[in-house]
Amino acid sequence: MGLRIAAARLRFLAVFAAVFAIIGSWDVISTYSSRLMRRSAPESGVSSDTEYFCPMDPGVVGDWPSKCPVCNMTLVLRKRGEAAALPEGVMARMQLTPYRLWLGGVATAPVDYEALSRSVELPGVATGPGRIEAVAFPRELEGITPGQAAEVSPAGDRTGRARPARVGEVPPPDADRASAVRLPLDLESAAEGFQPGDHVAVRLRRPVEEIEPFRSQPSRPPDLAAGEPRRLYACMTHPDVVKAEPGTCPKDRTELMGRPLRDNQRVRWWCPMHPEVTSERAGSKCDACGGMVLVPRLVSYRLPGTVLAIPASAVIDDGAQALVYVESGPGMFDARAVALGPRCGSAFPVVSGLQPGDRVVAQGAFLVDAETRLNPSLAASYFGAGDRGGGEKLAPAPAPGPAWLEALSSADRPRALGQKTCPVTGKPLGSMGTPGRLEVRGEVVFICCDGCSSAIQADPEKYLAKIPRAGTKP
């Protein structure tokens, strides 16, 4: 009896000891258990040489196979750092989700024509009753004409009332245009004049349109043709939805708001897939993408007294060049280098790089620029777009072949490289994943996606003519 009681007590103590031992070494046990129970990684998993990206939203890049959070499209495998070809003039492209746009307060503004003038302040001295002489360099007097209005105030006194004046005869510049000249001015009221020898500040407003190269730009919109729309209908929530006739927005089913065109606005039709395809007639179709009907958009023309302008908050100036981010799609922004004129208050006149109707990031441009710089696949093209000088230039390494070539046979690879683009959409082969292969009338044709096969089968002669050396036999 005593032995049984002792054995029971020992078993009880052994169970307690085992429980405490398991609790004390639980971390070690769980580590070994996870090693034994975890699944082996798939062969198509992560590699240090590859990455996954979304062809529709190039800013979405990841290390794991998944779906795009913007368009829910399956990400495509490519070699790390192998960025898709961007349109000419675009340095980088960034895609942001709607939540990040809202979080960063990103807002866009249209590029349009405005009446801008630059304020020029010159030092001067009173030479007699109602007479002022200002000192200026020839470049400061560009666009200044005799009789132009000016303001004269005591030097250093910004609180006093400015006296109105008129510009006298503008002196011609010297041959070297480097020497200062004297500009005479006449006060409109000699009774409010200054004593001879008083130092004054002269302020002139110079219209930007009178400065080159803006003075040489055309400033007359085309005449309205018979039957051309005088009104345009747009969605208040989605500015990209524009129609020439009344209707509803396909995105939120709200009624489109009509507005009359301004004197410098006209309606033109274009293809969103191929922006270079435009027309002045409604119902026109794009031959480059299989007969897609062109959509209307608003085009602005320059009127006398105006120049193309953008908000100063939209410009990112890194010291070597000026950049703006243009909205090319929902949440998608393209970095473009622009040439600007002198700053005029809160705006810059645009010399080149933008077109009327473009929408630039006017609020939150610094956020979009920072996201672009931090993205490794985009930063390479961003920082390497121009030679900043200094240092020895290294010979470029030979570019590796595209990742999608590995999925093709050795016989098809040279044919795909020779074709380069899809004959239906014009996009580079591989931009939508592994190209599709068709045999049309005994010829090998590569397309960017399966959706293009029906267009080629419907009109093979049209698209075979677009393929370089289309006589290649399979």
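Is there a residue being of a type in the set (A, V, I, L, M), at pLDDT below 75, closer than 30 Å to THR50 by Cα and within 24 Å of the chain's Cα centre (by Cα) anywhere in the range 361-372?
Residues of the range 361-372 of a type in the set (A, V, I, L, M): 361-362, 365, 367-368, 370.
When the remaining residues are screened for being at pLDDT below 75, the result is none.
Within the range 361-372 (the criterion being of a type in the set (A, V, I, L, M), at pLDDT below 75, closer than 30 Å to THR50 by Cα and within 24 Å of the chain's Cα centre (by Cα)), the answer is no, since none of the residues qualifies.
Kindly indicate whether VAL424 is part of a loop (DSSP other than H, G, I, E, B), at pLDDT 80 or above and out of contact with any His (no Cβ under 8 Å at 6 or more places or on another chain). Break it down stepwise before answering.
Working: part of a loop (DSSP other than H, G, I, E, B): yes; at pLDDT 80 or above: yes; out of contact with any His (no Cβ under 8 Å at 6 or more places or on another chain): yes.
So VAL424 fits the description; yes.
Which numbered condition trips up ALA380, out of (1) in a helix (DSSP H, G or I); (2) at pLDDT 55 or above?
Among (1) in a helix (DSSP H, G or I); (2) at pLDDT 55 or above, ALA380 violates only (2).
Just need a number here: residues in the range 287-316 that are of a type in the set (Gly, Ala, Ser) and closer than 24 Å to SER346 by Cα.
The initial filter retains those residues of the range 287-316 that are of a type in the set (Gly, Ala, Ser), namely 288, 290-291, 300, 305, 309, 312-314.
Among the residues that remain, those that are also closer than 24 Å to SER346 by Cα are: 300, 305, 309, 312-314.
Residues flagged as of a type in the set (Gly, Ala, Ser) and closer than 24 Å to SER346 by Cα within the range 287-316 amount to 6.
Restricting the search to the range 90-109, which residues are under 12 Å from SER328 (Cβ atoms) and buried (at least 19 other Cβ atoms within 10 Å of the Cβ)? Walk me through it before giving the result.
Of all residues in the range 90-109, those under 12 Å from SER328 (Cβ atoms) come to 90, 92-95, 108.
Within the range 90-109, ALA92, ARG93, MET94, GLN95, THR108 meet the criteria.
All but one of (1) buried (at least 17 other Cβ atoms within 10 Å of the Cβ); (2) assigned to a helix (DSSP H, G or I); (3) not charged (D, E, K, R) hold for PHE366, so report the exception by its number.
Unmet for PHE366, out of (1) buried (at least 17 other Cβ atoms within 10 Å of the Cβ); (2) assigned to a helix (DSSP H, G or I); (3) not charged (D, E, K, R): (1).
I'm trying to understand the selection: among the residues of the range 299-320, which are at pLDDT below 80, aliphatic (A, V, I, L, M) and in contact with a strand residue (DSSP E or B) (Cβ under 6 Å, 6 or more places away or on another chain)?
Initial filter on the range 299-320 (at pLDDT below 80): 299-305, 318-320.
Remaining after also requiring aliphatic (A, V, I, L, M): 299, 303, 320.
Of everything in the range 299-320, just one residue is at pLDDT below 80, aliphatic (A, V, I, L, M) and in contact with a strand residue (DSSP E or B) (Cβ under 6 Å, 6 or more places away or on another chain), namely VAL299.
Are there helices (runs of 4 or more DSSP H) fully within the range 1-110 with at least 2 residues that are at pLDDT 80 or above? List them.
Details: elements: 2-24, 26-37, 98-104.
The qualifying helices (runs of 4 or more DSSP H) are 2-24, 98-104.
If you check ASP252, ASP240, ASP176, which single one turns out to be out of contact with any strand residue (DSSP E or B) (no Cβ under 9 Å at 6 or more places or on another chain), modelled with pLDDT under 75 and of a type in the set (Asp, Glu)? Even if it seems obvious, please write down each step before you answer.
Numbers: ASP252 fails: modelled with pLDDT under 75; ASP240 fails: out of contact with any strand residue (DSSP E or B) (no Cβ under 9 Å at 6 or more places or on another chain).
The conditions single out ASP176.
Scan the range 286-294 and tell me whether some residue there is in a loop (DSSP other than H, G, I, E, B), surrounded by fewer than 18 Cβ atoms within 10 Å (Cβ to Cβ) and either touching a Lys or Arg at 6+ places or on another chain (Cβ under 9 Å) or charged (D, E, K, R) (or both). So that I can check it myself, show each step before the final result.
Initially, the range 286-294 is screened for residues in a loop (DSSP other than H, G, I, E, B), giving 290-291, 294.
Now restrict to residues that are surrounded by fewer than 18 Cβ atoms within 10 Å (Cβ to Cβ): 291.
Going one step further and asking which of them are either touching a Lys or Arg at 6+ places or on another chain (Cβ under 9 Å) or charged (D, E, K, R) (or both), we end up with 291.
Checked against the condition, which is being in a loop (DSSP other than H, G, I, E, B), surrounded by fewer than 18 Cβ atoms within 10 Å (Cβ to Cβ) and either touching a Lys or Arg at 6+ places or on another chain (Cβ under 9 Å) or charged (D, E, K, R) (or both), the range 286-294 yields at least one hit.
Starting from the range 199-228, take each residue that is under 18 Å from ARG118 (Cα atoms) and list its partners that are at pLDDT below 75 and polar (S, T, N, Q), counting only C-beta distances under 9 angstrom and pairs at least six apart or across chains.
Cβ pairs passing all conditions: GLU209/GLN217; GLU209/SER219.
Are any residues in the range 400-451 of a type in the set (Asp, Glu) and either under 25 Å from ALA288 (Cβ atoms) or in contact with a Gly (Cβ under 7 Å, 6 or more places away or on another chain) (or both), and if so, which ones?
Just the residues of the range 400-451 that are of a type in the set (Asp, Glu), to begin with: 406, 412, 439, 443, 450.
Selection gives ASP412, GLU439, GLU443, ASP450.
The values are calculated or read from the model by the stated rules, or taken from the named source; none is laboratory data. It should be emphasised that the depicted structure is a prediction, and the values quoted were computed from it without experimental measurement. Positions of Cβ are backbone-derived with ideal geometry, glycine not excepted, and every protein chain shown enters the neighbour counts.
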